[in-house]
Amino acid sequence: MKAEVIKTNLYCLHCEKETPHVITYVGDYVHKIECNLCNTQLHIDKEKILKFYTSNVLKRLFTKPERLTDELRKDLSSLLTSLPFRIASKPYRMAKELFKIIKEK
């Protein structure tokens, strides 16, 4: 998961008007919002990000059988050829996601 920066206009409570802001995402999670005019920053707490990430992982875990069944119905040969690699690499990919969230915070 990589950090992504988005520039947009938002209403700033400090400036009391709409101003340019920079939103930093870590994966799908908002990490920081900063006003370009007054430099006020809003940081999202690491524990909240981890709690949200954990609930997201649990949701993905519980829906995995259904998603695999859908893949199986759509393209059996592709699933059977990619499944061994996906199973072997999944712990690494999940650890990489988690460490990226922790590192960016």
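The values are calculated or read from the model by the stated rules, or taken from the named source; none is laboratory data. What you see is a predicted model; the values in this text were computed from it and never measured. All Cβ positions, even for glycine, are placed from backbone atoms using ideal geometry, and neighbour counts span all protein chains on display.
Could we say that L37 is over 30 Å from I6 (Cβ atoms) and aliphatic (A, V, I, L, M) here? First the steps, then the outcome.
Numbers: over 30 Å from I6 (Cβ atoms): no; aliphatic (A, V, I, L, M): yes.
Here the answer is no, as L37 does not meet what is asked.
Determine whether L79 is modelled with pLDDT under 85, assigned to a helix (DSSP H, G or I), of a type outside the set (D, E, K, R) and more than 23 Å from V26 (Cβ to Cβ).
Yes, satisfied.
State all residues of segment 11-43 that are assigned to a strand (DSSP E or B), modelled with pLDDT of 90 or more and surrounded by fewer than 13 Cβ atoms within 10 Å (Cβ to Cβ); if no residue qualifies, say none.
Answer for segment 11-43, where residues must be assigned to a strand (DSSP E or B), modelled with pLDDT of 90 or more and surrounded by fewer than 13 Cβ atoms within 10 Å (Cβ to Cβ): Y11, K17, E18, Q41.
Just to be sure before I move on: is E71 over 18 Å from the mean Cα position of the chain (by Cα), part of a helix (DSSP H, G or I) and at pLDDT 90 or above in the structure I sent?
No: the conditions fail for E71.
Regarding E71, is this residue touching a residue at least 12 places away in the same chain (Cβ under 8 Å) and among the acidic types (D, E)?
Working: touching a residue at least 12 places away in the same chain (Cβ under 8 Å): no; among the acidic types (D, E): yes.
Spelling it out, it is not the case that E71 is touching a residue at least 12 places away in the same chain (Cβ under 8 Å) and among the acidic types (D, E).
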